[in-house]
Structures are given as structure tokens and as C-alpha cells.
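K.L.:
Below is one structure. I have some questions about it.
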Amino acid sequence: GRGRFAVTRTPDAAAGRPALLVHGLGGGAAQWHLVAPLLAAARPVVAYDLRGHGSTRVAGTDRTLAAHAGDLLALSAALFLGERPHVLGTSLGGVVAQIADRVAVMRDGRIEQLDTPDRLYAEPSSAFVHEFLGDVVRLDCTIAQGEARFDGLDAPPCPAPGPDGPAVALIRPH
């Protein structure tokens with residue numbers, strides 16, 4: 001298991017979509033003590049201490065953003081039984097909330113792709129995103145009738161979307 005998380009709930013008197021509050025670096029669920037009662041007038045509210053903070057006790061020392069995001073998703077599933085809460089975060093909690101469900105890859109101050117981590121990896125929207133995610137091998141190829149043929153390489157053709165003509169295939173080595 002993940003261990004024990006310190007969770008603070010408001011009384012579930014309100015029937016609106018629940019709110020899950022994620023605090024900032026070095027803080028705890030208590031950071032929300034002024035905001036939580038205001039939100040609770042319209043919805044159930046839950047705040048928790050991130051791993052390594054407050055009263056939460058989680059085995060291991062993994063305090064990466066990915067670990068925090070995984071905790072948020074697991075807690076949300078356990079606490080809200082499939083209902084998607086509004087997630088509010090400050091500082092570190094805001095980052096955790098953003099990456100828990102979707103990841104933004106930015107280029108020159110603009111979002112290049114905003115997607116779930118799985119889709120981002122499986123279906124990068126551009127060569128920039130593909131290369132941003134890790135090492136790639138670039139191979140010149142020619143696309144004809146939906147197949148890529150690799151120039152100077154003894155390899156079978158592979159399916160390739162896009163118009164016929166010269167192209168570059170980006171292939172991950174793993």
C-alpha cells in the first residue's frame with residue numbers, strides 16, 4: 001500500500017461536486033483552514049497532507065512530482081468512488097494537480113500539446129514533442145500509399161499516416 005495519509009474532511013452536508021485541496025511545499029492540509037469552510041457551503045471538501053508533509057506517513061522516500069500525482073489520483077479514487085472532484089492546489093499542490101491528469105509540453109511560451117501522460121507518449125502531436133520526451137532515432141523515409149519506406153535501410157515498410165512524399169521517421173530506441 002501507499003501508507004497512511006492525513007485527510008481532513010468537512011461535513012458532507014453539501015451535495016455539490018466535491019473539492020480536493022492540495023497544499024504547497026512545506027505546508028499541510030491546515031493551509032486551507034480559511035478557504036475550506038467557504039467551499040464547504042456548496043460541496044464536500046477534503047484536504048490532505050502530501051507525502052513527506054504534516055501527519056502523512058508513507059513508506060519509502062519517493063517525493064517526486066510523479067509520486068505526488070499518483071497519490072492524488074489514488075486518494076481521489078478511494079475517497080470519491082469514481083466521482084471527479086474539483087482539484088485546487090497552491091504552489092507545489094498546484095503543480096501536482098496539473099500533472100496528475102494532464103501534462104503540458106510548452107515551446108517558446110506556447111502549449112505544444114496538452115494531454116494525458118499516456119496519450120502524450122503514444123501520440124506526440126509534433127516532432128518537437130516526440131523529441132522532448134526522450135531520445136529518438138531520426139530516419140529519412142518516403143511515404144507512399146500509407147507506408148513509410150526507409151531510404152538506404154533494409155527494413156520492411158511500416159504504416160505511416162500523412163501525405164505521400166519525403167518524410168522523417170522518429171523512432172524511440174526503447
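K.L.:
Examine region 86-100 for a residue that is at pLDDT 90 or above, open to solvent by less than 80 Å² (accessible area, probe 1.4 Å), in contact with a helix residue (DSSP H, G or I) (Cβ under 9 Å, 6 or more places away or on another chain) and part of a loop (DSSP other than H, G, I, E, B), and state whether such a residue exists.
P.N.:
Within region 86-100, one or more residues are at pLDDT 90 or above, open to solvent by less than 80 Å² (accessible area, probe 1.4 Å), in contact with a helix residue (DSSP H, G or I) (Cβ under 9 Å, 6 or more places away or on another chain) and part of a loop (DSSP other than H, G, I, E, B).
K.L.:
State all residues of region 131-155 that are more than 19 Å from Tyr121 (Cβ to Cβ) and in contact with a Lys or Arg (Cβ under 9 Å, 6 or more places away or on another chain); if no residue qualifies, say none.
P.N.:
Cys141, Thr142, Ile143, Ala155
K.L.:
Please determine whether any residue of region 153-167 is at pLDDT 85 or above, among the charged types (D, E, K, R) and either loosely packed, with under 15 Cβ neighbours inside 10 Å or in contact with a strand residue (DSSP E or B) (Cβ under 8 Å, 6 or more places away or on another chain) (or both).
P.N.:
Taking every residue of region 153-167 in turn, at least one turns out to be at pLDDT 85 or above, among the charged types (D, E, K, R) and either loosely packed, with under 15 Cβ neighbours inside 10 Å or in contact with a strand residue (DSSP E or B) (Cβ under 8 Å, 6 or more places away or on another chain) (or both).
K.L.:
Taking Ala36 as the residue in question, decide whether it is over 16 Å from Thr8 (Cα atoms), open to solvent by less than 60 Å² (accessible area, probe 1.4 Å) and either at pLDDT 85 or above or not polar (S, T, N, Q) (or both).
P.N.:
Judged against the criteria, Ala36 is not a match.
K.L.:
Have a look at Ala100, Ala160, Ala122 and point out the one that is farther than 30 Å from Gly70 by Cβ and not β-branched (Val, Ile, Thr).
P.N.:
Ala160
K.L.:
Could I ask something else about it? Among (1) touching a His at 6+ places or on another chain (Cβ under 9 Å); (2) open to solvent by 60 Å² or more (accessible area, probe 1.4 Å), where does Leu170 come up short?
P.N.:
(2)
K.L.:
Please go through region 120-146 and give me each residue that is part of a strand (DSSP E or B) and open to solvent by 70 Å² or more (accessible area, probe 1.4 Å), ordered by number.
P.N.:
Result: Arg138, Asp140.
K.L.:
Sticking with this structure for a sec: Which members of region 69-85 meet the condition of being in a loop (DSSP other than H, G, I, E, B) and at pLDDT 85 or above?
P.N.:
Answer for region 69-85, where residues must be in a loop (DSSP other than H, G, I, E, B) and at pLDDT 85 or above: just Pro85.
K.L.:
Which one of Asp164, Asp154, Asp140 is at negative phi, free of Cβ contacts under 8 Å to residues at least 12 places away in the same chain and charged (D, E, K, R)?
P.N.:
Within the list Asp164, Asp154, Asp140, the selection yields Asp154.
K.L.:
In addition: Is it fair to say Ala36 is within 21 Å of the chain's Cα centre (by Cα), of a type in the set (Gly, Ala, Ser), outside any loop (DSSP other than H, G, I, E, B) and closer than 26 Å to Arg102 by Cβ?
P.N.:
no
K.L.:
Now a separate question. Are any of the residues in region 42-61 within 30 Å of Ser125 (Cα to Cα), at pLDDT below 85 and open to solvent by 20 Å² or more (accessible area, probe 1.4 Å)?
P.N.:
There is no residue in region 42-61 that is within 30 Å of Ser125 (Cα to Cα), at pLDDT below 85 and open to solvent by 20 Å² or more (accessible area, probe 1.4 Å).
The values are calculated or read from the model by the stated rules, or taken from the named source; none is laboratory data. Owing to the predicted nature of the structure, the values given are computational and were not obtained by experimental measurement. As a convention, Cβ positions derive from the backbone with ideal geometry for all residues, glycine included, and neighbour counts pool all protein chains shown. Note: areas computed on protein heavy atoms with side chains; ligands, DNA, RNA excluded. Shrake-Rupley method; radii C 1.70, N 1.55, O 1.52, S 1.80 Å.
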